[in-house]
1. I'd like the residue in the stretch 214-232 that is over 16 Å from Asp189 (Cα atoms) and of a type outside the set (A, V, I, L, M) and, out of all such residues, is least open to solvent (accessible area, probe 1.4 Å).
2. Arg219 passes all but one of (1) part of a loop (DSSP other than H, G, I, E, B); (2) free of Cβ contacts under 8 Å to residues at least 24 places away in the same chain; (3) not hydroxyl-bearing (Ser, Thr, Tyr); which number fails?
3. Within the stretch 25-38, how many residues are over 15 Å from Val82 (Cα atoms) and either in contact (Cβ under 8 Å) with a residue 24 or more places away in the chain or within 7 Å of ligand 1 (Cβ to nearest atom) (or both)?
4. Just give me the residues in the stretch 247-274 being β-branched (Val, Ile, Thr) and under 13 Å from Ala299 (Cβ atoms), in sequence order.
5. Spot the failing condition for Thr237; the list is (1) without any contact (Cβ under 8 Å) to a residue 40 or more places away in the chain; (2) surrounded by 21 or more Cβ atoms within 10 Å (Cβ to Cβ); (3) within 30 Å of Asp281 (Cβ to Cβ), and only one is missed.
6. Just the residues that are closer than 21 Å to Asp88 by Cα and touching a Phe, Trp or Tyr at 6+ places or on another chain (Cβ under 8 Å), please, taken from the stretch 161-197.
7. Taking the condition of being on the phi < 0 side of the Ramachandran plot, away from ligand 2 (no atom under 16 Å from the Cβ) and part of a loop (DSSP other than H, G, I, E, B), how many residues in the stretch 116-146 meet it?
8. Give the number of residues within the stretch 116-145 that are within 12 Å of ligand 1 (Cβ to nearest atom) and either basic (Lys, Arg) or open to solvent by 50 Å² or more (accessible area, probe 1.4 Å) (or both).
Amino acid sequence: MQLQPPRSVLEIAQKLDHSGHDVWAVGGAVRDALLGMPHVDWDLATSARPHEVQRLFRRTVPIGVEHGTVGVFGADGVLYEVTTFRRDVETTGRHAVVEFAHTIDEDLSRRDFTFNAIAWHPIHDEVRDPFNGLADLKAARLKTVGEPADRFAEDYLRVLRGLRFAGHFVLEAEPATWSALTAAVAHLDGLSAERVREELLKVLARTPHASAALMLYERSGALAQLYPELQQLAVLTVGDEPADPWRQTLAAVDAIPPTRPLLRLAALLHAVGMPAAASRDLRGGWRYTGHEVFGARKARDMMERLKASNADTDHVATLVAKQSDLFPPDAPDSGVRRWLLHVPPAFVPDLFRLRIALWRASPVERGDSDLAGRWRHVRRVMASRPPLSTGDLAIDGSDLKALGLPPGPRFGEILRDLLDIVIDDPSLNERPALLRLVREMTEEA
Ligand code: ATP
Ligand code: MG
């Protein structure tokens, strides 16, 4: 059953072992490696105390020494987490008080799910699987270590972790685990915004088929509890059928690679304005005119509730707001430049990626044509660095003053008129031409 961790993990383990400490590889890396899947974060658990680990290795980082975790740099330059065996003394549903333990078995028994409680000894090549996690993985079963209700009550984040693992590995929760999980959903409010947000981002960043976990969020009630704006979308129906927006939302998330979690989040939120904007059309279906405006506001509220950074909040809310705003396929260059006046170039690539994902999620209903061609067009226009603001003009206020014009709000108007002209014809953006235009404009007035 030889697993193949990076060389540095073996070297760190050997050093601990030679110094008389017990050491095991644990957590996601062991689980994924046993499944034959790659995993980057190899974590070690050891009987050595943090200060002993710090003494043994030359380059360490005190990641969380009070919780037992020391970062050790491998020869490959990667920081590996080495954590002293722990056991819980007290848990509150939000955080745990731990103390150091003596055996790997104690350490494994405080872990959340059976397949996350497997340890592998890198030197003796021994697998320790006291809760039959491997069998559960093979049977595609999600099962907590020990009594489900107790384990969720110790840390309600496990509810969300369970939904993510079940989605990622396509697992069915064992009945006792599922009923405890759905009962625990009511307590998710008590988790910190940061942990909830990071967990959602893990769904988006680690799981190619993220819709599976998101559907489980919905089925378990976690969506209603944490993200009521998405829940409203999920329950929109036409007749007895779910309306398209939620299905399309999930398909659009899946159509974006996990390497772009923020864009996936924008796709997840792109339709949150639809429930508020929904009105019946003549055939009994829904129409959602103007939903982008409601949606951008709701997306912003949600990002703020999750305590996301201002930059991430702006990015997501802007993409939601601008999602339907695209120049037509036959637009001239000047039309594309005019469009760039209200879609800042920094948003353009993600806006196109979002549009392409939405189109792939439902190619028939969206009348978009030639998105790739339009993206090439806007890239070509941006590459020519066209003037897009009055600051890009070849003249400024001091030139107007030199022409003898009295400073005041009129300056701004003149510069905006000039911008309007050079948007149509950027070749006019040079001093002589602009000064001539100013003279013509001010003589007329
Ligand atoms: P991934 O890295 O894909 O999220 P992982 O299983 O490696 O999966 P981590 O958050 O990196 O998850 O945690 C490493 C290990 O620590 C887990 O496998 C699990 O054994 C344990 N663990 C992490 N979070 C919890 C928790 N909230 N409750 C109990 N055990 C946990
Ligand atoms: Mg991990």
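1. Filtering the stretch 214-232 for residues that are over 16 Å from Asp189 (Cα atoms) and of a type outside the set (A, V, I, L, M), the one least open to solvent (accessible area, probe 1.4 Å) comes out as Gln232.
2. For Arg219, the exception is condition (1).
3. Narrowing the stretch 25-38 to residues over 15 Å from Val82 (Cα atoms): 31-38.
Subsequent filtering for residues that are either in contact (Cβ under 8 Å) with a residue 24 or more places away in the chain or within 7 Å of ligand 1 (Cβ to nearest atom) (or both) retains 31, 33-35.
Qualifying residue count, the stretch 25-38: 4.
4. The initial filter retains those residues of the stretch 247-274 that are β-branched (Val, Ile, Thr), namely 249, 253, 256, 259, 272.
Thr249, Val272 - these are the residues of the stretch 247-274 that are β-branched (Val, Ile, Thr) and under 13 Å from Ala299 (Cβ atoms).
5. Looking at each condition in turn, Thr237 falls short on (2).
6. Of everything in the stretch 161-197, those that are closer than 21 Å to Asp88 by Cα and touching a Phe, Trp or Tyr at 6+ places or on another chain (Cβ under 8 Å) turn out to be Arg161, Gly162, Ala180, Leu181, Ala184, His187, Leu188, Gly190, Leu191.
7. Residues meeting the conditions: 9.
8. 1
The values are calculated or read from the model by the stated rules, or taken from the named source; none is laboratory data. Fair warning: this is a prediction, and the values are worked out from it, not measured in the lab. A quick note on method: Cβ atoms are made from the backbone with ideal geometry, for glycine too, and the neighbour counts reach across all protein chains shown. These area figures cover heavy atoms from the full protein model, side chains too; ligands, DNA and RNA do not enter into them. Shrake-Rupley method; radii C 1.70, N 1.55, O 1.52, S 1.80 Å.
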